[in-house]
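Following: one structure in C-alpha cells, then a few remarks.
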Amino acid sequence: MLPLTLHRLDLVSDADASDCLTRVEPRDGVLTATDLSATRGDGIFETVVVVDGIPQALGPHLDRFERSAAMLDLPAPRRELWMRAVTEAAAALHEHTSRGAVKFVMSRGDEAAPAAPTGWALGFAPDSRTGTRAPEVDVVLLDRGYRHDVAQTSPWLLQGAKTLSYAVNMAALREARRRGAQDVIFTSIDGFVLEGPNSTVIARIDGDYVTPPTDLGLLPGTTQADAFTALEGWGESVATRRIEVADLRRADAVWLCSSTRGVAPVRSLDGTALAVDIPLSDRLNDALDARKA
C-alpha cells in the first residue's frame, strides 16, 4: 500500500471548506507525537474506495462517520468539509491510479490541546484487490468474547463504532494466519455470527442472502448495503437477521464485504471447504464498481 495524496483538515476554523484544507506531501509530518490518535487510538475513521476518481458510497460512509463521532462524544463532523477533503484526495489519487481508496480520520486531538481535534484524508492504492475479481479467502471463526446483546448492555465498549483502536482486530487477523487462513468472522459467546475485523458478512442460506443486524454491535456495512441493493434489483431475496453459527456452517455460499476489497467469496470455514459462486461474486463486484457515488 503506497500513500499517494494527503490532505490535512483544520477542524477548528469556521472558514469555508476550501480554506480548511491543506494538501501536503504524504511522507511529511502531520501529527505530533502526543496526538491522541497515536497515543490512545482515540479517534474514528472511514475508508472509501475510489474508482476512476469517484468516491464510492461516500454518503453512507459519512453517515457512519457521524454515528461513530457521536458514540465517542467527538464533535459532529462538518459534512461539507469532509466531503471536500475526500473528493479532492480522490481527484489527486486519480492522477496515479484508476482504482484506489481514501481513508479519512478524526482524532480527538493533541493531549496538550484536547479541545482541538485533528483530521486528515489519505489517498492510497490498496493491495487487497486487483481488477474486478476479489480474492477468495480462507476464514476462521473466532469468539469475540461478548454476548450478542453487548451493544445494549455495555455501550461504553463502543461496539458498532469505527474507531482507531484496531489492536484486537489486527491480533485476530494474525491468529487467522497462524491457523493457515487469511481472515476472520467473529462470533458471540452465545453462538451468533457477527462481522469480520474489517468486513461485513453475507451468507446464502436456504436461497436467501442474509447479513447479521447492526443491533448486535456491528458496523453498518456500506458495501453490503449496496450489494443487497444489487441483489434485490436482480430479483433475489435478501434479509437482515441473526445468524447462528450452525446456520453459517451449512450456508451454500459466504462472502466478506469491505470497501477496498468489494465482495470476497469465502472458500473455506475453519478448514472446511465451501462452495464458491464466482459468477455471482464477479457480477456483484461489477455492480459495485459501477456506482456513481
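Overview of values
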item: Answer residue from region 18-30, given it is surrounded by fewer than 17 Cβ atoms within 10 Å (Cβ to Cβ) and touching a residue at least 60 places away in the same chain (Cβ under 8 Å) and is nearest to Ala90 (Cα to Cα) among those; result: Arg23
item: Qualifying residue in region 166-174 (condition: exposed (fewer than 13 other Cβ atoms within 10 Å of the Cβ), outside any loop (DSSP other than H, G, I, E, B), in contact (Cβ under 8 Å) with a residue 24 or more places away in the chain and of a type in the set (Gly, Ala, Ser)); result: yes
item: Some residue of region 145-154 being polar (S, T, N, Q), crowded, with 17+ Cβ neighbours inside 10 Å and assigned by TED's automatic domain parsing to the domain that holds Leu216; result: no
item: Subset of region 260-293 that is farther than 17 Å from Leu173 by Cα and polar (S, T, N, Q) - its residue that is surrounded by the most Cβ atoms within 10 Å (Cβ to Cβ); result: Asn285
item: Residue in region 53-64 that is more than 25 Å from Pro213 (Cα to Cα) and either over 16 Å from the mean Cα position of the chain (by Cα) or among the hydrophobic types (A, V, I, L, M, F, W, C) (or both) present; result: yes
item: Among residues of region 8-32, those that are over 13 Å from Ala121 (Cα atoms) and outside any loop (DSSP other than H, G, I, E, B), counted; result: 3
item: Per-region count, region 66-91, residues buried (at least 21 other Cβ atoms within 10 Å of the Cβ) and either at positive phi or assigned by TED's automatic domain parsing to the domain that holds Trp156 (or both); result: 0
item: Residue pairs meeting the criteria (Cβ under 7 Å; at least 6 apart or on separate chains; first more than 21 Å from Leu31 (Cβ to Cβ) and in contact (Cβ under 8 Å) with a residue 24 or more places away in the chain, in region 90-111; second outside any strand (DSSP E or B) and among the aromatic types (Phe, Trp, Tyr)); result: none
item: Top-ranked residue of region 63-120 - restricted to ones that are in contact with a Ser or Thr (Cβ under 6 Å, 6 or more places away or on another chain) and among the hydroxyl-bearing types (Ser, Thr, Tyr), ranked as nearest to Leu158 (Cα to Cα); result: Ser107
item: Test result for Ala85, closer than 15 Å to Phe124 by Cβ and in a helix (DSSP H, G or I); result: yes
item: Test: residue in region 64-74 that is over 22 Å from Ala225 (Cβ atoms) and either assigned to a helix (DSSP H, G or I) or in contact with a strand residue (DSSP E or B) (Cβ under 8 Å, 6 or more places away or on another chain) (or both); result: yes
item: Complete set of residues in region 187-210 that are over 15 Å from the mean Cα position of the chain (by Cα) and either surrounded by 21 or more Cβ atoms within 10 Å (Cβ to Cβ) or part of a strand (DSSP E or B) (or both); result: Thr187, Ser188, Phe192, Val193, Ala203, Arg204, Ile205, Asp208, Tyr209, Val210
item: All positions within region 235-259 that are surrounded by fewer than 15 Cβ atoms within 10 Å (Cβ to Cβ), farther than 28 Å from Arg147 by Cβ and either in contact (Cβ under 8 Å) with a residue 12 or more places away in the chain or not assigned by TED's automatic domain parsing to the domain that holds Leu280 (or both); result: Glu236, Ser237, Asp252
item: Considering residues of region 33-52 that are of a type in the set (A, V, I, L, M) and assigned to a strand (DSSP E or B) only, the residue surrounded by the fewest Cβ atoms within 10 Å (Cβ to Cβ); result: Val51
item: In region 211-230, residue surrounded by the fewest Cβ atoms within 10 Å (Cβ to Cβ) [restricted to those that are of a type outside the set (Val, Ile, Thr) and either closer than 25 Å to Thr272 by Cβ or outside the structural domain of Thr153 (by TED's automatic domain parsing) (or both)]; result: Leu218
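The values are calculated or read from the model by the stated rules, or taken from the named source; none is laboratory data. Fair warning: this is a prediction, and the values are worked out from it, not measured in the lab. Quick reminder, even Gly has a Cβ in these numbers, built from the backbone with ideal geometry, and neighbours come from all protein chains shown.
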